[in-house]
Structure formats: structure tokens, C-alpha cells
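First comes the structure, then the notes that go with it.
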Amino acid sequence: MSEIETLMEKEVGIMQLRSSVFTQNLDHLGLVAGTIRQLGLIESIDALFGENSRTTKFVSVGECVAAMILNGLGFTNQALYLVSHFFSNKPVDRLLGSHLTSEHFNDDALCVALDKIADSDPSQFFANVAFPIAMNRRYRRRFARLDSTTFSLEGAFDGFGGSPEDAPQIISVTHGHSKQHRPDLKQITLSMVNSGPGAIPIWSEPLSGNASDKKTFHETIARVRAFQKAIGDLEEFRWVADSALYSKDQLLSPTTDFVWVTRVPETIREAKDLSQKSDNELSWKQLAGGYKYHTVTSKFGGVEQRWLLVFSDAAYERESATLEKRIEKEKIAMEKALWHLSNEAFACEADAKKRFLEVVAEFPLHQADFSVTTQAKFLKRGRPAKDAQPQDQEVKIVQPTIHENKETISRLRATKGRFILATNDLDSSAFTDEEILKEYKDLAKLERGFRFLKDPWFMLDKLFLKTPNRIAALTAIMALCLLVYNVAEHEMREALKNHNKTLPNQLKKEINNPTLRWVFKLLDGISVVTISTDKVVHSAVSNITDLAERIIRLFGHETEILYGLEDSGQQGKVKKNGKK
């Protein structure tokens, strides 16, 4: 054989080898898929639909939902109709089932799944999945936290992918008060309830874009309580929400039969008077974290309730800084307004003073002294002659020196860092003042969840479906993404604490409470390598570092299987250096 023939034979061999080896990106998706398996999401969702669980002959509603969750938590900003593209370089058989491929998750299958969820009522669908998880895994606690947010939408909503246009609309996509500060865009509202230390969402309810929290909060509570009764969950929640819950006609109605904790609106006269009391009029009790509080009993609205006037050092510093900026901004605006006023002419001092007081009243944080000057006025236009006598006189305001209204500012500053919490539970031994503050502060966990869903890398940063019912169904998928994420993060942190272990944060400091988002980043680069020959196909997970292995083992057996660590820790796994 000639040298040229030998080289050609080697090249053919190399080409054949290349065609039989391929890699797929696994990264952190095994953590997500492992959590989905541990929660039994696919099985529980398919059980809800029974014989109607198939979207196509290949995939079920549960499998489509799992695929959308993986897409959502993949942080690639892929739109729904690109889910099959998202999975084109992922090990679908490993993540979702050996009988599935990326082509099975086309937009037709996913839209059918969304239509089925919409037909079953997205709120009920989500609750039927989430409540059993919360109850079986003891995430459900006695407090339920309620809040809402809005999602802006772009484009028209005139049907998409063959959805029935005459189907009753679950929500209305319309303009409303925008919490995203985009009043120019139509929107929807999402109301959510979570519970427990992991902030696990247990209720998700899509609402029209113009929904009002003052009304819908009470309707959501009624729906959740009815659902609890229907499934036999008879332990009543204590409800925690912001000041939109506090209303005379609903919350303070004689028919209210649940325990509530909320913030008292500052517009109420009684609340305003309490907030403005001086320190020597109050009996402060110190708490950790820079908090102190003073308790009073109120009968506002005819309902006896416990009020906590709370002071926060951090809030005081933040609000005081904002007040200083407001004072300076108002001073500049007042100087400009009074300069313009000093160039106006008035017929008499009384007219000048009236206008001066009107302008000064627009700037409550400052004061100015009134003084005028009188000038001769000639009726003829142009420069008057030397011996000309003025026919009239005019009054002008002398531009005054501005100084702060110390009394008003002092009164305002005294209210900074203060807010009032209220509850109708008067038993401070069973429900302590400290618990009231703690539970109200935990509302921030819901707000963090909303920020998570609005993250630019999350697939739902901009809603893209064009029918209100599918958008409503998609909010249930959004909530399930948050549920899976929060469960995984909570259980990871619990595993770290229970086993006295740590992971490095972004600054390489060892901690026991890293965010799951950061942990996801630590698994970047993990791949599934598949080598196929005429006789056998072999797959192995590659690039698992020692740190990655430590992370994976925190998530339990199902996740270990996905990464090939189910036995001695070495089978089906290729180390970073390429050796098995």
C-alpha cells in the first residue's frame, strides 16, 4: 500500500470516528430534572387529566409541562415556540424519558398542553399540583403570604396556533396600574400565595390587567379557603398581605372569620396620628436587626385589633436620605418659581401677597419672607421724557431668601422608618408581637419570586402568546418554575446545614446558603458524551469536577442517576481531565 493510500485510509477512519461521537449539554438541567422527578410532577399532572392527558401520541401534558419548566429554568431566554430548538443539543432521553426526542416538543404539542390547562382553570390546576407537594413535604405552614404583580405584554392578541377564538376568556389583557412602570403596554396581573420557610408557592391566579388588589386579595383568600375545604385541608391559614388588604368594607366586616396580618394605610387619620407621636410618648420595645416597636389596641372600623408601630433603623436611613433629596429638589424648584414671580407686576400689595402665598404653598418644606417694592408706571410705551410724570404705580415682589420649614421637616422626619402593622389576633402569648413583624417581613420572599420571574434571562420576561387563555395557562407554568426552583434551593440549603457542609460563593467564601442560581453556574460545562459503533452505543457524563459532584450529591438519588453517579460515584462519569 502506498503512503498516499495509507493516509487516505487513516482520514476515512477519523471521519467515521467523528461521525460516531457527539456531545450534548447537560449543565445544571439535571438538578432541575431531578427535582421534577422527586416531586413526581409529570405523574401528578397526568393524573389530573386522566385519559385526556395526551397532547400528541408521543407526549403527555405532564411531559410538556416538565419540558417548559426545563426551558424556563435553562436561563437561555428561549421563547415557548423554540422549546424544541432549546432541547436540540440537550440529552432529552436522560432528562425527560428515553422515549422522547426534542422534535416531540413542538409548538403544536405545547399549545395543546396550554389549552388543556386553560380549560381546567389554571388556578385549580396549579393548586392541585402544589398543595399536595406542600402538605406531603411539610412546606405548608400556618401562615399564607399573598401578593400580586403585573406582566406587560406587547403585540396583538388575536389567536395563535389554532386556539379556539370563541372560547370564554379567563382574563382580559388590558391597560391598568403598571407595577413595571409601563402604562403604555397592556398587561395581566398575577396573584400568588406562598407558605413556609422555603417560600413555596401554593396558589397562582391569573387576573385581568386592570385588577385591583383591594378587591382581588379578598377574592383570592375566599377561593383558597374553598379549595382547602374541597381537598380536606381544614387547618386555617393566617393571612399576611400588604395594605391593600386593609379595608373597612371587607377586612373589617363582621363576616371576616380568619386571622390576618397587614400594614395599616398611612392615609387613615388614626394611623397618621400614631406615626407622628414623639419618642417620649411611646414605650418602645427593642428587637434584633435594628427594629423596635410600640403596641396599641385600636377599634378602627369597629373591630378590635392589635397595632404595632414599628421602627426600622435601615428604613429610617433610607427614607431620611430620600427626604433630604426631596428637600433639596424642592428648594431648587421654589427658587425658580419665586424668581419668575419677582418679574411679575401687580396692581397692589394685596394682589402680590395673595399670589405669593399661592406659590409658597406649593412648597411645604420651605418658607420665604414676603416683601415688595413699588415702582412708577408710565402708560405710554417707550422711554419716558425727563419731565414726564408717572400716571400709575406697580408693585413687584422682592425675590426672598428661602429657608427650610423646620417644624414641618421635623414632623416628617419623625415618621421616617415607621410603619404600622395590624392583626385581629389579640392573644399576644399565642401570636407574639415578634411573630407579627417576622411574618410581615417574609412578604419580601414573594417579591423576590416575582423578580425571579421577571429576570431578563427567564423565558417569561416578555409574554409572547397571543391568546389570553394561553397566557393565563402560561402563568401556571411560571408558578411551577418558581415552585421547582424554590424547592430545590430550600432542600439544597437544608442538606448543607444538616450535614455541616458549605459551597463557595462568588467571592470563593464557603457558605451554607448559596443561591441556586449561582450553584447552577457552577455546573456549566457538564456534557453527555455518546459514542456509537456498529454493535453498541455508550454514553457517559463528562466534565464533572469534584465541586460539581459535591453539589449533585446534595440533591438526592434521582439527580445522582441523571449525572451517572448512582453507584460507586464513578460509573458513567468522566472526570474533568477526561479519565473515567
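The values are calculated or read from the model by the stated rules, or taken from the named source; none is laboratory data. In this text, all values refer to a predicted model and were calculated from it rather than measured experimentally. Glycine also receives a Cβ, built like all others from the backbone with ideal geometry; neighbour counts cover every protein chain displayed.
Are any of the residues in the range 278-285 modelled with pLDDT of 95 or more, of a type in the set (S, T, N, Q) and within 16 Å of T423 (Cβ to Cβ)? Looking for residues that are modelled with pLDDT of 95 or more, of a type in the set (S, T, N, Q) and within 16 Å of T423 (Cβ to Cβ), one finds none in the range 278-285, hence no. Do you know which residues across the range 194-214 are over 17 Å from D442 (Cα atoms) and in contact (Cβ under 8 Å) with a residue 60 or more places away in the chain? Passing the criteria: S204, E205, P206, A211, D213. Residues that are over 27 Å from L522 (Cα atoms) and not basic (K, R): does the range 75-85 have at least one? Within the range 75-85, one or more residues are over 27 Å from L522 (Cα atoms) and not basic (K, R). Screening the candidates A473, A488, A495, A479 for the property of being over 16 Å from T35 (Cα atoms) and under 31 Å from the mean Cα position of the chain (by Cα) yields one hit, A473. Taking first residues from the range 96-120 that are touching a residue at least 60 places away in the same chain (Cβ under 8 Å) and under 20 Å from L39 (Cβ atoms) and partners that are crowded, with 21+ Cβ neighbours inside 10 Å and of a type in the set (F, W, Y), the Cβ contacts under 7 Å between residues at least 6 apart in sequence or on separate chains come to I117/F125. From the list N71, N77, the one residue that fits, being within 28 Å of L554 (Cβ to Cβ), modelled with pLDDT of 90 or more and among the polar types (S, T, N, Q), is N71.
Give me the residue from the range 90-121 that is in a helix (DSSP H, G or I) and of a type in the set (V, I, T) and, out of that set, farthest from the chain's Cα centre (by Cα). Restricting to residues being in a helix (DSSP H, G or I) and of a type in the set (V, I, T), the top hit is V92. Flag: A385 does not match the condition of being exposed (fewer than 12 other Cβ atoms within 10 Å of the Cβ), within 18 Å of F237 (Cα to Cα) and at pLDDT below 95. Testing E51 on (1) at pLDDT below 95; (2) surrounded by 15 or more Cβ atoms within 10 Å (Cβ to Cβ); (3) of a type in the set (D, E), one condition comes back false. Which one is that? Checking E51 against (1) at pLDDT below 95; (2) surrounded by 15 or more Cβ atoms within 10 Å (Cβ to Cβ); (3) of a type in the set (D, E), the one that fails is (2).
Scanning the range 285-305 for residues that are within 17 Å of T415 (Cβ to Cβ) and among the β-branched types (V, I, T) yields one hit, V296.
Being modelled with pLDDT of 95 or more, in the same structural domain as Y139 (by TED's automatic domain parsing) and of a type in the set (V, I, T), is that true of even one residue in the range 255-272? The answer is no; no qualifying residue exists.
Among the residues of the range 178-228, those identified as part of a strand (DSSP E or B) and among the polar types (S, T, N, Q) are Q187, T189, S191, N194, S195, S204, S208. When the range 28-45 is filtered for residues that are crowded, with 21+ Cβ neighbours inside 10 Å and assigned to a loop (DSSP other than H, G, I, E, B), only H28 remains.
Quick one: would you say D249 is assigned to a loop (DSSP other than H, G, I, E, B) and without any contact (Cβ under 8 Å) to a residue 12 or more places away in the chain?
Taking the combined requirement at face value, the residue satisfies it.
Please go through the range 111-139 and give me each residue that is crowded, with 23+ Cβ neighbours inside 10 Å and either in contact with a Phe, Trp or Tyr (Cβ under 8 Å, 6 or more places away or on another chain) or charged (D, E, K, R) (or both), ordered by number. I117, S123, F126, A127, A130, listed by residue number.
Determine whether D433 is modelled with pLDDT of 95 or more and either under 30 Å from F75 (Cα atoms) or buried (at least 18 other Cβ atoms within 10 Å of the Cβ) (or both). In short, yes. When the range 484-511 is filtered for residues that are closer than 25 Å to G40 by Cβ and in a loop (DSSP other than H, G, I, E, B), only H499 remains.
Selection of strands (runs of 3 or more DSSP E) fully inside the range 277-381 by the criterion of at least 3 residues being under 37 Å from the mean Cα position of the chain (by Cα) and more than 21 Å from E407 (Cβ to Cβ) returns 285-287, 291-298, 305-312. In the range 297-313, the qualifying residues are those that are touching a Lys or Arg at 6+ places or on another chain (Cβ under 8 Å) and among the β-branched types (V, I, T), and the one that is nearest to N424 (Cα to Cα) is T297.
Of the numbered criteria (1) modelled with pLDDT under 95; (2) within 25 Å of I268 (Cβ to Cβ); (3) in a loop (DSSP other than H, G, I, E, B), the one L426 fails is (1).
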